[in-house]
1. When the accessible area of region 161-209 is split by element with a 1.4 Å probe, what percent falls to carbon and sulfur?
2. With a Förster radius of 45 Å, plug the Cβ-Cβ distance of E29 and S104 into 1/(1 + (r/R0)^6) and report the FRET value to the nearest 0.05.
3. Compute the FRET efficiency between A119 and L182 as 1/(1 + (r/R0)^6), taking r as their Cβ-Cβ distance and R0 = 30 Å, and round to the nearest 0.05.
4. Could you tell me which residue out of T178, P235, V133 lies farthest along the dipole of region 94-246 toward its positive end? Charges go on the beta carbon: Lys and Arg +1, Asp and Glu -1, centred on the Cα centre.
5. Let a ≥ b ≥ c be the square roots of the eigenvalues of the Cα gyration tensor of region 153-208; is it rounded (a/c under 1.5), or, if not, prolate (a/b larger than b/c) or oblate?
6. What is the packing order of peptides 144-154, 232-242, taking the mean over residues of other C-beta atoms within 10 Å and listing the highest first?
7. Would you pull out the residues with amide H under 5 Å of S171's amide H, same chain only if 5 or more places away, H placed 1.01 Å from N?
8. Can you tell me the order of 24-30, 191-197 when each peptide is scored by its average per-residue count of other Cβ atoms within 10 angstrom, highest first?
Amino acid sequence: MNMLYGFWHGMIVHLWQTTLILALLLVIERVLRGAPSRVSHTLWGIGLLKIFLPLSFFGGAADALYRAAGGGPQGVDRAGALALQPIVTVLYPIASGGTPVLGSALSYAIVAATAVWAAFFLYFIARLIIDAVRVRRQSGIPLAALEPALAGRLGGALDGAGIPRECVLVSGAFVMPTVGGLVRPRIVVPEDLVRDLPEEQLRAILLHEDAHRRRRDPLRTAAGRLGLAIFFFYPLIYPVLHRLKS
């Protein structure tokens, strides 16, 4: 019970601190409303990173701040501690306190919340693994291994586009143009599009997908889905993921 209580207490404090950071990012986004879209993506990428990382991740700075406000042996003088207390009150609004008595209503609620969280977490992780396997099966053939006619059409669309040719694969399966690969993202286009589309339209599709490749959207999407698996109950994760997709 001590471990479960510590887990949920830490989770609540972490998500409260994350809410403060996300509110700050929202203000920054409003101030920079006319900035390019990549600025917004960077801001909410930072927001997603903060959802994963509690303040305790940043070394002992947060703990030192907490001890200093309490005037502990590693803190500061009394005047300095009093000045820091409002900051600590905002960052740590819930005291750690003692663990609930086994058999109390709170202890049952903690166990039930943990069971529900674990069930949803395993469900989301299973979906993530299944989709990752499906994407791997959609891998295609590189340009150098294509038949001459198909290679010529694809090469013509790539000429002047600035897209590395080794980053484009052609799939014989019926798939939508997409980008796959977490470490080495590559564009996958169906063979039918390469055969049938005019060169200009094919180049436009490739350029659109290359923007996703250069932004490493598969890695960003996987991180978002992992965050969703862990923090699905946190309402603010949904607008953050929505902004990252836009």
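1. Numbers: 1530 of 2650 Å².
Ligands and nucleic acids excluded, carbon and sulfur reach 58 percent.
2. Values: r = 43 Å, r/R0 = 0.96.
Working from the Cβ atoms, E equals 0.55.
3. On the way: r = 26 Å, r/R0 = 0.87.
It comes to 0.70.
4. P235
5. Judged from the Cα gyration tensor, region 153-208 comes out oblate (a/c at least 1.5, b/c at or above a/b).
6. Numbers: 144-154: 14.0, 232-242: 15.6.
The most tightly packed comes first, giving 232-242, 144-154.
7. I141, V189, E191
8. Working: 24-30: 13.7, 191-197: 16.4.
For the peptides 24-30, 191-197, the packing ranking is 191-197, 24-30.
The values are calculated or read from the model by the stated rules, or taken from the named source; none is laboratory data. Keep in mind that what you see is a predicted model, and the values were worked out from it rather than measured. As a convention, Cβ positions derive from the backbone with ideal geometry for all residues, glycine included, and neighbour counts pool all protein chains shown. Heads up: the accessible areas ignore ligands, DNA and RNA and are worked out on the full protein's heavy atoms, side chains in. Shrake-Rupley method; radii C 1.70, N 1.55, O 1.52, S 1.80 Å.
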